[in-house]
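Colleague: Handing you a structure now.
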Amino acid sequence: MARKDDAPRGVAMEKEFDKEAWIPKTDLGKKIKSGEFKTIDEVIKSGKKILESEISDYLIEDLSSEIIAIGQSKGKFGGGKKSIWRQTQKKTSEGNKPKFATLVAVGNNDGLIGIGTGKSKETMPAKEKALRNAKLNVKKIKRGCGSWSCYCGKSHSIPFTVIGKCSSTIVKLMPAPKGTGLMIDSEPQKILKLAGITDVYSDSKNTTTKINLMNALFDALKKLSKTKVNEEFSKKAGIV
Ligand SMILES: [Zn+2]
């Protein structure tokens, strides 16, 4: 059966976040509201875990979200078509009970990116859970231009090659010169765009499940920040 909300699109259910009305529940949240932490960079540098999604709403300007298609429609007419839902059936005494899983990415198109999954018996709660988890999972990534044929010193690409893994799935991201575009499938493209990357080459292996592919991609992006680089290279590649 075709579902009404089958087409990938932004998470439109969000209301404007009311900063004044927010009552933080966690220690970190309270410190943010009192002004002890002023930016998301300070929070990330502190190594403190974000345990309430409102922290990302409060601190990140221009936070936007995208639903990433991780499923395939089943049945006569939907076979092989992209779907935002990954559907599983659970056999119970009352019959088959479907569950819906989805993946949401959040970012500011400027170096911040997070992904999260949500699972539920119904689609809306799954979407909300995924959005919340993505906001708890926001990371800062390094951008730059490490393309030997470009080295323009701008942050349109990535400074060096990274490899991410999830289970047996491997994703490799490589710097690309300006104007190349995102040389990767349309769904992972959405994640890279939200992170603020516009040019990249990629390669991947064992991409049987979409969810593992997105997790491997996120793992690769996180490695951009984990990898230490010297000051000379940092300048050459225009790392931000
Ligand atoms: Zn460049």
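Colleague: What are the ³J(HN,Hα) values, in whole Hz, obtained from phi via the Karplus relation 6.51 cos²θ - 1.76 cosθ + 1.60 with θ = phi - 60°, for each residue of the range 231-238 in sequence order, with x given for Gly and Pro?
Modeller: 4, 4, 5, 4, 5, 4, 8, x
Colleague: Taking only C-alpha pairs under 8 Å that are 6+ residues apart, what is the relative contact order of the range 25-165 in percent?
Modeller: Dividing the mean separation by the residue count of the range 25-165 yields 16 percent.
Colleague: Among rounded, prolate and oblate, which fits the chain when a ≥ b ≥ c are the square roots of the eigenvalues of its C-alpha gyration tensor, a/c under 1.5 means rounded, and a/b larger than b/c means prolate?
Modeller: Oblate shape, in that a/c is at least 1.5 and b/c is the bigger or equal ratio.
Colleague: If the limit is 25 Å between Cα atoms, which of Lys91/Lys119; Lys30/Lys226; Lys127/Lys210 go over it?
Modeller: Lys30/Lys226
Colleague: Val200's amide H: which non-local residues (gap 5+, or another chain) put their own amide H closer than 5 Å, with H modeled 1.01 Å from N in plane and none for Pro or chain starts?
Modeller: Amide H to amide H, under 5 Å and 5 or more residues apart or across chains, Val200 pairs with Gly181, Leu182, Met183.
Colleague: On a 20 Å Cα-Cα criterion, which of the cross-link pairs Lys172/Lys228; Lys90/Lys190; Lys140/Lys205; Lys140/Lys190; Lys165/Lys222 come out too long?
Modeller: Correct reply: Lys90/Lys190; Lys140/Lys205.
Colleague: Mind listing the long-range amide H neighbours of Arg143? Cut-off is under 5 Å, sequence gap 5 or more, other chains count too, H placed in the peptide plane at 1.01 Å from N.
Modeller: Val240
Colleague: A further question on this structure: Averaging sequence separations of C-alpha pairs under 8 Å and six or more residues apart, then dividing by the length of the chain, give the relative contact order as a whole percent.
Modeller: 16
Colleague: Okay, next question. Using +1 at the Cβ of each Lys and Arg and -1 at the Cβ of each Asp and Glu in the chain, identify which of Gly164, Phe17, Val104 lies farthest towards the dipole's positive end.
Modeller: Gly164
Colleague: Something else now. Below 19 Å, Cα to Cα, which aspartates and glutamates can Lys142 reach? Residues fewer than 8 away in the same chain don't count.
Modeller: Within reach: Asp41, Glu42, Glu61, Asp62, Asp110, Asp199, Asp219, Glu231, Glu232.
Colleague: Before rounding to the nearest 500, sum -39500 (n - 2.57) across all DSSP H runs of length at least 4 in the chain and divide by the residue total; then give [θ] at 222 nm in deg cm²/dmol.
Modeller: Calculated at 222 nm, the ellipticity per residue is -8000 deg cm²/dmol.
Colleague: In addition: Each residue of the range 115-128 in order: what ³J(HN,Hα) in whole Hz does its phi give by Karplus 6.51 cos²θ - 1.76 cosθ + 1.60, θ = phi - 60°, with x for Gly and Pro?
Modeller: 10, x, 10, x, 10, 6, 5, 10, 6, 4, x, 5, 5, 5
Colleague: Ordered by residue, what ³J(HN,Hα) values in Hz, to whole numbers, does the range 22-27 give under the Karplus form 6.51 cos²θ - 1.76 cosθ + 1.60, where θ = phi - 60° and Gly and Pro are x?
Modeller: Whole-Hz 3J(HN,Hα) from phi for the range 22-27: 5, 10, x, 9, 10, 3.
Read-outs throughout are calculated quantities, based only on the coordinates presented, and are distinct from any laboratory measurement. Only a predicted model underlies this, so the values are computations on that prediction, with no experimental measurement involved. All Cβ positions, glycine included, derive from the backbone under ideal geometry; neighbour counts span all protein chains shown.
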